[in-house]
Amino acid sequence: MRLVDYIAAYSDQTFDDMPLNEVDIAALTELSNLEMDDLVPADLTGESWVTLAQVQVWVAKTYQANVRDIWSYISQGRHDVLDALVETERFRQVRLYGFRSLLDQEKGVQFAALMVELPGYKKLVIFRGTDNHIVGWQENFMLAYRKTMPSQKAAGRYLAEVLDQDDQDQVIIAGHSKGGNLALAAAIQQSATDQELIEGIYVLDSPGFYEETFEQVGFRRIQSKVYEYLPEDSLIGIILHTATAPMIIKSGGISLLQHFIQLWEIEGKQFKRVESTTVTSQLSQETLNIWMKWHGPEEIELLLTLLFDALYNTGVLRLTDISEHFRTFINRLYSEARKLEPEERRFMVKAINDLLLIWEDLHQDRLYQVQSRHKPLSLSAEVYLRLNRLNRAQSLASVLIGCVLIMMGVFLFLEPDKDLHIFAVAFLLGTALSGIWDLRHFYQAGRKHLHYGNLLTGCFSILTCIWGIYDYSQGSQQIFPYVLGGWMLGMGLVRAYQFFRLRYEDSPVPIWGSLLSLAGILLGVLLVGHPDFSLYLPDLLALAFIVQGIQMIVSYLIYRKESDLYRFIDQAKHEHMD
């Protein structure tokens, strides 16, 4: 069940029947993202207000999506939430007022907030997150080099004015994305007396804070009132540090799409919990932390200044401007890039390249960790990983092996008479070694019920080898295509299942491993159906040798060039472990 389903399921429940909960609050935070600047009164007294039905009519008249892009998809989801709220007895009487907004490109600030009142029950202060304006995204990125955002001060002033209106009623403060950061920042800035009027602070997948923020007296007074939520694949809420141990939510969609509340899974009257964020989210967090330490505040500020200056010079002010005039935007952005000084272009390319190198290094480390756990990789996968990491331990060996692989590939391409019997023998030998490898893992495993996949693949490889040797001894002319095809089909299916289990158990799944499993299945079917295709296998193998050899040499050159960065990564990993 998701947000719209939840609203419909409990539509007839009043707040007397069912108290306000975290899902209700999340639904109400979505209202702050609607464009209603000229509709909702700015007065904080609550004497003048608008209903959700009035907002619905306003949005229907004013909103128009000129193109179907990701932003229009997000906006439509929020409109669906509004439409669902209007139809319920539970939310029909909601009042909106106190809308304030500030948008200043020169100062780099985007801020908006409003009051949501449930008559006779609760009042909520809702802060808007990052909206469609480029300046809002620019302000978000400021957190990479500044300890505060301009909108945090505006949020503090707004909340102080709200609390001054009525010193008897408690309020709930909430926000999604940057809005959650503003909600907590605003609460921290209040006096001890005003903080007693805060019932709770709900932070929904929001960028965090620098650690010194949590040492402030203002934070310690309200720490017990903070409730943080992250989707399992969070890429926004993992930025910097969270104020508390966040609740991790099961979410639909993938990657950045999980940021949007409409996709969060609901179980009963609360969000569905999971134990931890995904490996992708964890690696993203580690990557950002190391990258920010490596470049430091000054370099990051320079990078973002160059980037956003180029964006503004193209004439775009909103994300939708890019999608509506995409070709024009790309041409102008290219022109702006050419205007940069050569040193500036090199700096930008290097900064982005460093981010990718850090991600790849951490990802390779995580794959190595998998091997020591209950789902070890296959022999071929382990060989592949070890070859690609030789540049870190034995750089000369990495270059030599790369050169040998390239020469082997070239030889296979140039040799006109390719004897498939040689490949058949090599295949059977490799199959036997792979089977022994998997059986060894199963034998050494401490929890064998988690290792039946290795037992299956080991037995399958050994039986395939016996089958091939028997057919070969009988003089069969089709042994190689059929045996190889059957083996690739079977192993591809088993490996695909193992990768599925890895994903299910929240372990890193290499993309290349998944693709190789799929390729193995397809190639196996092709060989069984068309044995003559085996004549092209030497060429495919030659290409694989050449590509792998080039990759090893290029990896070595990159490592030598970026050796300082890799040493910094290793140091950061050791500090993290300590």
Residue that is surrounded by the most Cβ atoms within 10 Å (Cβ to Cβ) [pool: residues in the stretch 226-245 that are closer than 19 Å to Ala27 by Cβ and at pLDDT 90 or above]
Pro231
Is the stretch 252-267 home to any residue that is modelled with pLDDT of 90 or more, surrounded by fewer than 17 Cβ atoms within 10 Å (Cβ to Cβ) and assigned by TED's automatic domain parsing to the domain that holds Ile7?
yes
Suppose we filter Ser323, Ser281 for residues that are in contact with an Asp or Glu (Cβ under 7 Å, 6 or more places away or on another chain), assigned to a helix (DSSP H, G or I), among the small types (Gly, Ala, Ser) and farther than 30 Å from Asp564 by Cα; which single one remains?
Ser323
Taking only the stretch 206-218 into account, find how many residues are part of a helix (DSSP H, G or I) and either out of contact with any helix residue (DSSP H, G or I) (no Cβ under 8 Å at 6 or more places or on another chain) or surrounded by fewer than 18 Cβ atoms within 10 Å (Cβ to Cβ) (or both).
6
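Against the definition (modelled with pLDDT of 90 or more and not in a strand (DSSP E or B)), how does Ala60 come out, yes or no?
On the way: modelled with pLDDT of 90 or more: no; not in a strand (DSSP E or B): yes.
Answer is no for this residue.
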Please determine, by comparing only the residues of the stretch 104-163 that are within 23 Å of Leu303 (Cβ to Cβ) and acidic (Asp, Glu), which one is modelled with the lowest pLDDT.
Glu106
Tally of residues being farther than 30 Å from Ser75 by Cβ, among the charged types (D, E, K, R) and over 21 Å from the mean Cα position of the chain (by Cα) across the stretch 281-333
3
I need the full set of residues from the stretch 304-327 which are closer than 18 Å to Arg338 by Cβ, crowded, with 17+ Cβ neighbours inside 10 Å and free of Cβ contacts under 8 Å to residues at least 60 places away in the same chain, in order please.
Leu306, Ala310, Thr314
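The values are calculated or read from the model by the stated rules, or taken from the named source; none is laboratory data. Quantities reported herein were computed from a predicted structural model and do not represent experimental measurements. In this analysis, Cβ positions are derived from the backbone assuming ideal geometry, glycine residues included, and neighbour counts consider all displayed protein chains.
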